[in-house]
Amino acid sequence: MMLTKIEPFLPKDLAQIGHGLNRPECVLAARDGSLYTGDWTLGIAQIAPDGTTRSAVETDLIAQGFRPNGFAMTPDGDFLFANMGKAGGVWRVGRRGEATPFATELDGRPISRTNFVLVDGDRAWITISSLSRKHEHFTAEENSGQILLVKDGKVTLAADGLNWTNELRIAPDGKHLFVNETFACRTTRYDLAADGGLSNPLRIHYPNDTYPDGMAFDTEGALWIACVISNRVIRLAPDLTWTVVFEDVDRAYLDKIAADYAQGHLTWEQIAQSRGSRVANLSSVAFGGPDLKTLYLGGLGLGAVQVLRSPVAGMPMAHWR
């Protein structure tokens, strides 16, 4: 298949929806036009098509110490959320009722703070960025990230030795799993067996100013990847070549970050201050709208979800089916 050529979007092309969001790190688009984001004030925020923003769940997750990060929607409309709060693990919460454990132990030991969770049929995938969160610096040497698999209520270790493991997706043909390793500046593709086994990791490397975070497939089999810090969106083709389709960056500041990263000195304070002209710390990309051609972007430094129109439709996620 010939890929549609994407003319790069510009910051002025951005619209936005929602308001008052606190760290909308992960965005989900639903078939009915609603958007959902993790939010460290509302817990999980729901944005109606008219922009009205409210909590999607009745229980006060933040008051209970939860910090929802990446999350997924189950077939019956509940949410699974990766918890960056002290309790760690992945939890399940409905529109009403309390949060309950979904995956909180591995081999009898508590699961630490989690980053992302993906529903994949009758199984779920979880990422842990790092087994230790006590870091002064973010480097390519922090290789304690993991991928966990949950099936039939059992949690198993699918892959480890990863670097700041972030979002993951299953390829449309079901033969590969892609995962972003943010501070290794790479995306890794695994062969995916029918039983969930991962093998033959293949690394796609980016320059040291490109930090991949969230991702979403389009209908041409290309993977759109939101890059934190650099406020960049890249499109990774099925042949594993890639192009930049959006960028909004303070070039001098990004060059300073890249230099400090190369020397192993990159700090959270530097990351938090990274800004473009319109966006800050992009971290998530989702396709939605009736034709799945509306592109939604979330970010750690944003108070609203950013919106673009894509010439290519996205692949519907599991909760659309």
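The values are calculated or read from the model by the stated rules, or taken from the named source; none is laboratory data. Just so it is clear, the structure is predicted and the values come from calculations on it, not from any experiment. Cβ placement follows ideal geometry from the backbone for every residue including glycine, while neighbour counts extend to all protein chains displayed. Side chains are part of the model used for accessible areas, which takes the heavy atoms of the whole protein and leaves out ligands, DNA and RNA. Shrake-Rupley method; radii C 1.70, N 1.55, O 1.52, S 1.80 Å.
Among the residues of the range 261-275, which ones are of a type in the set (Phe, Trp, Tyr) and either assigned to a loop (DSSP other than H, G, I, E, B) or touching a strand residue (DSSP E or B) at 6+ places or on another chain (Cβ under 9 Å) (or both)?
Taking the range 261-275 as the starting set, the residues that turn out to be of a type in the set (Phe, Trp, Tyr) are 261, 268.
If the condition is that a residue be of a type in the set (Phe, Trp, Tyr) and either assigned to a loop (DSSP other than H, G, I, E, B) or touching a strand residue (DSSP E or B) at 6+ places or on another chain (Cβ under 9 Å) (or both), then Tyr261 is the only one that fits.
If you scan the range 107-138, which residues turn out to be more than 18 Å from Leu168 (Cα to Cα), of a type in the set (Phe, Trp, Tyr) and free of Cβ contacts under 8 Å to residues at least 60 places away in the same chain? Scanning the range 107-138 gives no hits. Among the residues of the range 187-208, is any in contact with an Asp or Glu (Cβ under 8 Å, 6 or more places away or on another chain), within 17 Å of Val119 (Cβ to Cβ), open to solvent by 10 Å² or more (accessible area, probe 1.4 Å) and at pLDDT 95 or above? Within the range 187-208 (the criterion being in contact with an Asp or Glu (Cβ under 8 Å, 6 or more places away or on another chain), within 17 Å of Val119 (Cβ to Cβ), open to solvent by 10 Å² or more (accessible area, probe 1.4 Å) and at pLDDT 95 or above), the answer is no, since none of the residues qualifies. When the range 110-158 is filtered for residues that are among the basic types (Lys, Arg) and over 22 Å from Gly197 (Cβ atoms), the ones remaining, listed by number, are Arg113, Arg133, Lys134. Of the strands (runs of 3 or more DSSP E) entirely within the range 1-100, those holding at least 1 residues that are over 20 Å from the mean Cα position of the chain (by Cα) occupy 15-17, 53-55.
Of everything in the range 292-303 that is open to solvent by 10 Å² or more (accessible area, probe 1.4 Å) and hydrophobic (A, V, I, L, M, F, W, C), the residue that is modelled with the highest pLDDT is Leu292.
Please work out if Ala258 is within 16 Å of Pro212 (Cα to Cα), among the hydrophobic types (A, V, I, L, M, F, W, C) and assigned to a loop (DSSP other than H, G, I, E, B).
Taking the combined requirement at face value, the residue does not satisfy it.
What are the residues in the range 41-52 that are open to solvent by 20 Å² or more (accessible area, probe 1.4 Å), closer than 14 Å to Arg23 by Cβ and touching a strand residue (DSSP E or B) at 6+ places or on another chain (Cβ under 8 Å), if any? Correct list: Leu42 only.
Would you confirm whether any residue within the range 254-275 is small (Gly, Ala, Ser), touching a Phe, Trp or Tyr at 6+ places or on another chain (Cβ under 9 Å) and under 22 Å from Gly20 (Cα atoms)? Within the range 254-275, one or more residues are small (Gly, Ala, Ser), touching a Phe, Trp or Tyr at 6+ places or on another chain (Cβ under 9 Å) and under 22 Å from Gly20 (Cα atoms). Sub-8 Å Cβ pairs linking a first residue in the range 57-78 that is of a type in the set (Lys, Arg) to a second residue that is open to solvent by less than 10 Å² (accessible area, probe 1.4 Å), at least 6 apart or interchain, are Arg67/Asn83; Arg67/Gly85, ordered by first then second residue.
Summed over the range 209-221, the residues that are more than 13 Å from the chain's Cα centre (by Cα) and crowded, with 24+ Cβ neighbours inside 10 Å give a count of 0.
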